[in-house]
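Enquirer: Okay, handing you the structure first.
We did not get these values from a lab; they are worked out from the coordinates using the rules stated. This is a predicted model, so every value here is computed, not measured. No Cβ is skipped: glycine too gets one built from the backbone with ideal geometry, and neighbour counts run over all protein chains shown.
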Amino acid sequence: MYETFSEDPHLVAMMGAEIIKGIQGFTHANLTAAACMKHFIAYSATSTGQDQAPVLLDPRDVENYYLTPYRAAVKAGIRTAMESYQEISGMAFLLSRCSLPPSLPPPLGKPIVFSQSSTKHTVVAYFLCFLLISPSLPPSLLPSHPIGVPMVSSKEYLKDLLRYELDFHGMLVTDYGEVDSLHEEHAIVATNREAVKIAMLDTSIDMSMTAWDVDFARDLIDLVEKGEVPIARLDESVERIVQLKEELGLLDHPYELVGQASPLDVKVGSMEDKRVALQAIRESITLLKNEHNVLPLDPNRKYNILVVGPTANSLTCQSGGWTMHWHGPLSEDEFSYGTTLFAAVEDMVAAGSTVDYLPGVDVDGKVVTDKELLADRARRADIIIAGLGEGAYAEASANIPDLVLPLGQEEMVLRLAQASTAPIVTVLFEGRPRLLGSIPALSTAVLHAFLPGPDGGLGVGEVLFGSVTPSGRIPFTYPKHQNGPTLTYYHKLRQRDYDVEWEFGAGLSYTSFAYKDARITSGPTTDEYSPVEFSVKVRNTGKSAGKHTVMLFGSDVVRRVTPEVKMLKAFNKTKELQPGETQTVTFTLDPMEDLSYYGVERHRVLEEGDWLFGLGEKVDCRKDASTCLKLTVKMSPGYSPICQAVCTAWGRVHSACAPVLLPSTPAATNTTTTTKEEMAVVPNLGGSDHASCMATCAQQGYWRWEMADCLRDVVMEPRTLCQQLRNICAYPF
């Protein structure tokens, strides 16, 4: 979980776009940096929850929930991408329908729709249809492998989705040694040479990540020399790699950095970096429970505090994996700075107080402190602060059979509760939501600190003693039961078993806030292109200053593909509001971007109908619409999602095919191929102008989604398919 921002597509998209801007805006003289979006795609959705396991998802779910952050990354100008280790369900040809060009005589010119129970006759009908259309269809429209396609060999994902749907032009690198894994682990080819061939021909990878051998380069040279991989395919990757080096400033002085550190390194870990990191810690710590307002602690009161738990005195547990090393720090001595939770409490408590630390158990739940000693010290405490959670881990070493927190940690909290009447304040340092059992009920207060880094203890201490008012919100649904990890807040309507520990977006404060005058300022209706404007007034109704995150959730009332209960559509955090102070928060939604989805045909569509919008993590507009705002989407007369898809594809065909089809002789225009000049005035398509194309589509009325699919394949294979554009894509002509 800690390798992403959230379970929510919009939140990951917004955070991802900002971190890309930060990394790629990191400059020194003519040098800059390249961010990498990864791991493409749905790497977090493995069937077992364990690293590198297969992903079994409906392709529509991939597009609706996992594609959004990558789309935002491309719009933010991301320069590189990395594919992922896993195999994933393929985008199989849909056997439920078979369409033929409308020019054919009936009944062959109509779709053939099959019932749920196929009969001998429907199977014959399908094969008849398939044999008729298959000679003129590009490979991606023919039946493909529905499941078990390793990502590094997937045309559907690494060409069609990444390069066409997202229009990504940057460099694509494999995850470590993944090309060799096609032979050695995935077992889809017999040799590493075959693995290189299939990766180069079926995908758009540009670089194979390996550290210790050059087998990929050796095999690729051999494949090119023997004509098994076109030199033009190699040129594509070389062009993207050289373009990246140009953007990074490496071609200006290509040998300047050989044998020396990059000038950018001096900025990493600077005092300014640490200041910003500490502020991020302060604003992300999330207060999940606070019975009897036990927090904040009084910084002027003399306390007798017992700090316990395996994570309460560990910079390693605060920082997690990918800190200094792959699996995290090797020892506490590797840290050059940092403050543990125990050290922060010692430093911030009033003079004359007593603060002791006893670990109780280690992160695996093994008892390391005498139980009687721990119970005796607990009886004398005014406050017990328990640091619970996990050690550092990464990738396969993190695989566990379930998410239950090691039982010994829960048993320690139970013993403390039995031995003492002092309030127990639990602080969680963890990279994923471990099931807590009775710990929340036994705790008077619960703080989630995530993996805040070396200064995490300092940030938690500031929240405990009230110099910082907590304003964090939990970015995932925190499960309560073993089946909980499969639950997300944006579940479908028939998901009735939704009993969780804490909801997505939960987070308390030391003050209170109220909303007033929430409204859609742009009006109650919109079309496909008109922005939707929202505003709400947020007032601090409590007694202390604080920040507040406003979350706008949307519910599509009726949709052709079953809608979610709700989805986050926008969020914003107020400035620090003083008691009684009010701030107006505004949001703007783009209907085509924020209200569309991938529909039955697995193309992005915007449907007419009503939406309900509400504020706050607990809002449920479907149960109580009276607290929500209603928006009606009504399309303009000339809009059609099919026309939009086809005309967008047609415009990209012009760009892709023009370099291929520039006629060398006047006679070229008399052939059956399509030349650049012809493309501007293709009959029945409205030429290359998008507006005239849309108008022609609306006038003709019979265009189909398959037209866009076919044009997509031409764009992805211009060297071979542009010459046969008329024969392959019969629909648009």
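Enquirer: Please list 368-375, 313-320, 154-161 highest first by mean number of surrounding beta-carbon atoms within 10 Å per residue. Please report the intermediate quantities before stating the final value.
Expert: On the way: 368-375: 13.2, 313-320: 25.2, 154-161: 22.4.
Highest mean packing first, the order is 313-320, 154-161, 368-375.
Enquirer: Sort 396-409, 589-602, 70-83 for me by packing, meaning the mean count of neighbouring Cβ atoms within 10 Å per residue, highest on top.
Expert: On the way: 396-409: 15.5, 589-602: 17.7, 70-83: 21.1.
Listed from highest to lowest mean packing, they are 70-83, 589-602, 396-409.
Enquirer: Among Ser270, Ala514, Met551, which residue has its Cα furthest toward the positive end of the charge dipole of the chain, with +1 on Lys/Arg Cβ and -1 on Asp/Glu Cβ?
Expert: Looking along the dipole axis, the top candidate is Ala514.
Enquirer: Select from Leu405, Ile19, Tyr529 the residue farthest towards the positive end of the dipole of the chain; place +1 on Cβ of Lys and Arg, -1 on Cβ of Asp and Glu, and compute about the Cα centre.
Expert: Most positive-ward Cα: Tyr529.
Enquirer: While we're here: What is the calculated FRET efficiency for Asp222 to Ala53, with r their C-beta to C-beta distance and R₀ = 41 Å, to the nearest 0.05?
Expert: Details: r = 33 Å, r/R0 = 0.81.
Given R0 = 41 Å and the Cβ-Cβ separation, E is 0.75.
Enquirer: Compute the helix-to-body angle for 192-202: its Cα long axis versus the longest principal axis of the chain, expressed 0 to 90° and rounded to tens.
Expert: 70
Enquirer: Treat every Asp and Glu Cβ in the chain as -1 and every Lys and Arg Cβ as +1, leave all other atoms uncharged, and give the resulting dipole magnitude about the Cα centre to the nearest 20 debye.
Expert: Details: 64 positive and 90 negative charges, 501 e Å.
Charge dipole of the chain: 2400 debye, to the nearest 20.
Enquirer: Would you mind calculating the gained length between Ser692 and Asn300 on full extension (0.36 nm times residue separation, minus the Cα-Cα distance), in nm to one decimal?
Expert: Details: separation 392, 0.36 × 392 = 141.12 nm, distance 7.37 nm.
Full extension from Ser692 to Asn300 adds 133.7 nm.
Enquirer: Could you tally the net charge around Gly457, taking each other residue with its Cβ under 12 Å from the Cβ of Gly457, Lys/Arg +1 and Asp/Glu -1? Don't skip to the end; give the middle numbers.
Expert: Details: positive: none; negative: Glu346, Asp347, Asp455, Glu462.
Residues near Gly457 contribute -4 overall.
Enquirer: How far is helix 9-24 tilted off the main Cα axis of the chain, in degrees rounded to 10, range 0 to 90?
Expert: Around 90 degrees separate the two axes.
Enquirer: Separate question: Rounded, prolate or oblate: which fits the stretch 276-501, taking a ≥ b ≥ c as square roots of the Cα gyration tensor eigenvalues, rounded meaning a/c under 1.5, else prolate when a/b beats b/c? It would help to have the intermediate numbers written out before the result.
Expert: Working: a/c = 1.38, a/b = 1.25, b/c = 1.10.
Rounded is the answer for the stretch 276-501, as its axis ratio a/c remains below 1.5.
Enquirer: How far, in degrees from 0 to 90, does helix 120-133 lean away from the longest principal axis of the Cα atoms of the chain, to the nearest 10?
Expert: Rounded to the nearest ten degrees, it is 70.
Enquirer: Calculated from DSSP H runs of 4 or more alone, at -39500 (n - 2.57) each and per residue, what is the 222 nm mean residue ellipticity of the chain, nearest 500? Spell out each step's value before the answer.
Expert: Numbers: 21 runs with 207 residues, N = 733.
Theoretical 222 nm ellipticity from helices: -8000 deg cm²/dmol.
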